[in-house]
Amino acid sequence: MELTYRPRRLRHSASLRSMVRETILNPEDFIYPLFIHEGDDIQAIEAMPGINRWSLDSLIEEVQRAWGLGIRCIVLFPKISQSLKTEDGAECFNEKGLIPRAIRRLKQELPEMTIMTDVALDPYSSDGHDGIVNSEGVVLNDETIVNLCKQSLVQAQAGADLIGPSDMMDGRVGAIREVLDDEGFEHVGIISYSAKYSSAYYGPFREALDSAPKALNNKPIPKDKNTYQMDPANAREALIEAQLDEQEGADILMVKPGLAYMDIIYRLRQESDLPIAAYNVSGEYSMIKAAAAKSWIDEKSVVLETLLSFKRAGADLILTYHACDAAQWLKDR
Ligand code: PBG
């Protein structure tokens, strides 16, 4: 055949392929999510093999390990004991609470590690919702934001570098920005869960934190998060959410979940010049782990291909439970 273009020419050898490679994954791209609890033991999470609920001491060791692998940012999620959960989730702004204590210790032991937090009421809410639920079963927006602002401030005072509102209330980024600035934390950034979908992929996470919505004492509790998290059918709406977050002062935009929402990552990349993060959520992790455990897929190859795809779609940062494994594999390569 007489062909002018033969794209295979540039795939001919490993060196050529490495020269024309468009996307390269680095450990600095990863944000490592960690679950913590009050006890002294390390608790395995059944649906997420390899992921644990850490005690404060073991958390420090795990974060040191991550640092050694080149990871530069972690995000903390607390499992709060049932006795501390209330309808308004007030434990979220207890300055002696689990998260502020963990941040303080981490900042003492490893000041260079960037610490991101999650801002939402669900780990602290007896109803299991990200906002305050009134007696009619309505998730209240503006009342919730008052508590989210207090939560953010307590996290910033403890030493958090990036505040991550994941609650999907309207106007929370602007309100948090204002409180942080008023209190002298203008250097603390906001990584906003801008386009967070109401997704079944969060199942294992809710098991890890025991945070699924639940009805107690005949209160009508919405069984899903559909009145605040986004409808998986909508893409244009994600652009509106992202624009609002940008106007309100977000420093980084996030899309969550990741895999089923690659088009959203791509569209946000076209629309915004801010850094974009993708959350490779718990259910995505569990699916790979389960298939790999049966030897139906090769874990390392599938994980690295998946993480690379987020970056190719336009994400600068990837929140992933595979962070340490992937960083190790990149090192070995
Ligand atoms: C809670 C929150 C959730 C996740 C991160 N923050 C769950 C939810 O909205 O119910 C999910 C993360 C994951 O599945 O890995 N605000």
**Request:** Please note which helices (runs of 4 or more DSSP H) are completely contained in segment 239-333 and include at least 3 residues that are closer than 20 Å to Gly164 by Cα.
**Result:** 262-271
**Complete:** When restricted to Asp127, Asp122, the only residue over 28 Å from Ile288 (Cβ atoms), among the charged types (D, E, K, R) and assigned to a loop (DSSP other than H, G, I, E, B) is Asp127
**Asked** Given the residues Lys311, Lys289, Lys300, Lys294, which is the only one that is open to solvent by 20 Å² or more (accessible area, probe 1.4 Å), more than 25 Å from Ile176 (Cα to Cα) and within 16 Å of the ligand (Cβ to nearest atom)?
**Response** Lys289
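So that you can scan it fast, the table gives a plain yes or no per residue for (1) farther than 26 Å from Ser211 by Cα; (2) out of contact with any strand residue (DSSP E or B) (no Cβ under 8 Å at 6 or more places or on another chain); (3) open to solvent by 80 Å² or more (accessible area, probe 1.4 Å):
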residue: Glu62; (1), (2), (3): no, no, no
residue: Arg65; (1), (2), (3): yes, yes, yes
residue: Gly68; (1), (2), (3): yes, yes, no
residue: Val75; (1), (2), (3): no, no, no
residue: Leu84; (1), (2), (3): no, yes, no
residue: Gly89; (1), (2), (3): no, no, no
residue: Lys96; (1), (2), (3): no, yes, yes
residue: Arg101; (1), (2), (3): no, yes, yes
residue: Arg104; (1), (2), (3): no, yes, yes
**Request:** Tell me which residues, restricted to segment 88-110, are of a type in the set (A, V, I, L, M) and more than 20 Å from the chain's Cα centre (by Cα).
**Result:** Ala90, Leu110
**Close pairs (7 angstrom Cβ cut-off, 6 or more residues apart or separate chains): hydrophobic (A, V, I, L, M, F, W, C) in segment 211-231, not in a loop (DSSP other than H, G, I, E, B) anywhere** = Ala212/Arg206; Ile221/Val133; Met230/Ala195; Met230/Lys196; Met230/Tyr197; Met230/Glu237; Met230/Ala238
**Prompt:** Has segment 183-204 got at least one residue that is of a type in the set (Asp, Glu) and more than 16 Å from the ligand (Cβ to nearest atom)?
**Reply:** yes
**Prompt:** Are any residues in segment 119-145 aliphatic (A, V, I, L, M), closer than 19 Å to Gly164 by Cα and touching a strand residue (DSSP E or B) at 6+ places or on another chain (Cβ under 8 Å), and if so, which ones?
**Reply:** Val119, Ala120, Leu121, Ile132
**Message:** As an exercise: evaluate Met168 against (1) within 14 Å of the ligand (Cβ to nearest atom); (2) part of a loop (DSSP other than H, G, I, E, B); (3) open to solvent by 20 Å² or more (accessible area, probe 1.4 Å) and give the number of the one condition it does not meet.
**Reply:** (3)
**Fill in**
Among Lys219, Lys223, the single one that is away from the ligand (no atom under 13 Å from the Cβ), farther than 30 Å from His187 by Cα, charged (D, E, K, R) and at pLDDT below 95 is Lys219
**Message:** I'd like to verify a number: residues in segment 230-282 that are within 15 Å of the ligand (Cβ to nearest atom) and open to solvent by less than 10 Å² (accessible area, probe 1.4 Å), how many?
**Reply:** 11
**Item:** Residue satisfying condition, being more than 22 Å from Val281 (Cα to Cα), modelled with pLDDT of 95 or more, in contact with a strand residue (DSSP E or B) (Cβ under 9 Å, 6 or more places away or on another chain) and not β-branched (Val, Ile, Thr), within set Gly249, Gly184
**Value:** Gly249
**Request:** For segment 48-60, enumerate the residues that are open to solvent by 30 Å² or more (accessible area, probe 1.4 Å) and closer than 21 Å to Leu330 by Cα.
**Result:** Pro49, Gly50
**Request:** May I ask you to list pairs of residues, at least six apart or on different chains, whose Cβ atoms are under 8 Å apart, with the first in segment 294-314 being acidic (Asp, Glu) and the second being open to solvent by less than 50 Å² (accessible area, probe 1.4 Å) and in a helix (DSSP H, G or I)?
**Result:** Asp298/Ala292; Glu299/Ile288; Glu299/Lys289; Glu299/Ala292
**Message:** For the condition out of contact with any helix residue (DSSP H, G or I) (no Cβ under 9 Å at 6 or more places or on another chain) and more than 16 Å from the ligand (Cβ to nearest atom), what is the one hit in Lys107, Lys96?
**Reply:** Lys96
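The values are calculated or read from the model by the stated rules, or taken from the named source; none is laboratory data. No experiment lies behind these values; they were computed from the predicted model shown. Note that each Cβ is placed from the backbone with ideal geometry, even for glycine, and that neighbours are counted across all protein chains shown. When the accessible area is computed, the model is the full protein with side chains, heavy atoms only, and any ligands, DNA or RNA have been set aside. Shrake-Rupley method; radii C 1.70, N 1.55, O 1.52, S 1.80 Å.
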